[in-house]
Amino acid sequence: YKIETLRQFCREYPRLISVPLDQLEDDKNAERIWKKEVRTYENATKEQLEPFSSAAPALFAGGARGPAFHDLLLAILKKTYDMSPEIEHMSVVQSNHLIEAQYKLSRLAQQTLRTLIAMVQPDHTHFIGQVYRLSVDEFARLLGRTDYTLEEELLEVARELRRTPIVIKTDAETVETSWVQTYWHHHNNGTIDFQFSYLLQRFLLQLQERFTTYKLEDIPPLKHKHSIRIYELLRQYLHLGNREIKLDELKKMLKTDYDYRAIKQRILDPAHREINTLTGIRYDWEAVTGRRKRVVKIRFTDIRSAGQEKEPEESPELTGRIEAILNDPESEVHKTCVAELDNRMKGFLTPGSAAYYAVLRGMIKDRSL
């Protein structure tokens, strides 16, 4: 049943397994491959299998084999290695502490990192034993790349994610770790497996509050490495519409020693052009000066979704014209609004509420409501 489970999994997910399918036809090869690929799950604990609790007894029963055991192992494999064929539509979900963390990565490393975060399942409770497999072909499609150098570049990115420190500050503590604890490259099928640092669990798993989410497809068009960070800082405050960040804090987040002039030219201006043009967010920004006209803060204003128009400045003349129309019960606009209200209320009114609605409707017509 172990061998048949592996074979079935490989048939359904051929690009996620690190061996050619024809090697699975031989039982000895299949047994060896099983031990290499998924041996962790033969010794899985009950806690690890909690999502499959209804079937878990089959795994722990002494020597138990059969359809239940087969189905359970197949479910574990799918849960661990599954990767949507439309990865660009997946969501990136992370703690706000992670968005405001201090680190510096190349553009490709940031794109890779967000892709891995998008693979994290909402119901995962820990990173122990969790493997996130990145297919070079899949990633190339996401980035719109057709060259043959991406695999080597991704190997360098894997090294970068493993060695680059990230500093996360919360109200109670400061955590310093790396993004990736381990990675391994499968030479014959163009895939790389990643395991996140276990210290990142509480910033990526089981998030109930203070987190930000967005679609992965918003990231690839951005050409500057800092644009991705600025995009996330804006996305975090999208519901509020405005955000101020001290210049010194922004420099720490981005791990840069640039002065304001360089930050404006190399980070803020390019990010503003790219984000407003290529993503689903629109915004403006301005520098806030302190003593001696020194820039001390960056103020991001009018942060809004692309389909949400910027609030127009109020025109007294226009406001007066609108009020005049609405205050005239005989105007066509007023009659149309009341007729539309009547139409929408059809089917919702009981005999008792119809009488009450008639009173409200009269108040609407004479502008007392």
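The values are calculated or read from the model by the stated rules, or taken from the named source; none is laboratory data. Values in this document were obtained by computation on a predicted structure and should not be read as measured data. Glycine also receives a Cβ, built like all others from the backbone with ideal geometry; neighbour counts cover every protein chain displayed. Side chains included, ligands, DNA and RNA excluded: accessible areas come from the protein's heavy atoms. Shrake-Rupley method; radii C 1.70, N 1.55, O 1.52, S 1.80 Å.
3J(HN,Hα) along segment 261-270, derived from phi through the Karplus expression 6.51 cos²θ - 1.76 cosθ + 1.60 where θ = phi - 60°, amounts to 4, 5, 4, 5, 6, 9, 10, 5, 5, x Hz, with x in place of Gly and Pro. GLN102 sits among other residues whose Cβ lies under 11 Å from its own Cβ, and their net charge, with Lys and Arg +1 and Asp and Glu -1, is +3.
How big is the charge dipole of segment 201-242 about its Cα centre, in debye rounded to the nearest 20, if each Lys and Arg gets +1 on its Cβ and each Asp and Glu gets -1 on its Cβ?
Details: 7 positive and 4 negative charges, 32 e Å.
Taking the Cα centre of segment 201-242 as origin, the dipole is about 160 debye.
Estimated at the nearest 10 Å², the accessible area of LYS246 is 130 Å² with a 1.4 Å probe. I'd like the FRET efficiency for ARG292 and ASN242, computed as 1/(1 + (r/R0)^6) with the beta carbon distance as r and R0 of 22 Å, rounded to 0.05. Step by step, r from the Cβ atoms, then E = 0.30.
How much of the accessible area of segment 95-196, in percent, comes from carbon and sulfur atoms when a 1.4 Å probe is used? About 48 percent, which is the carbon plus sulfur part of the accessible surface.
Derived scalar couplings between HN and Hα for segment 103-116 equal 6, 9, 10, 5, 4, 5, 5, 5, 5, 4, 4, 5, 5, 5 Hz in order, rounded to whole Hz, by the Karplus curve 6.51 cos²θ - 1.76 cosθ + 1.60 (θ = phi - 60°), x for Gly and Pro. Per residue, segment 247-303 exposes an accessible area of 59 Å² to a 1.4 Å probe, with every protein chain left in place. Summing charges over neighbours of ILE303, with a neighbour being any other residue whose Cβ is under 10 Å away from its Cβ, gives +2 when K and R count +1 and D and E count -1.
Structure shown: which of LYS215/LYS297; LYS225/LYS264; LYS169/LYS225; LYS264/LYS293 lie over 19 Å apart, alpha-carbon to alpha-carbon? Result: LYS215/LYS297; LYS169/LYS225 exceed 19 Å.
For GLU173, GLU138, the ranking by accessible surface with the largest value first comes to GLU173, GLU138, using a 1.4 Å probe. The order of HIS334, HIS187, HIS97 by accessible area, most exposed first and with a 1.4 Å probe, is HIS187, HIS97, HIS334.
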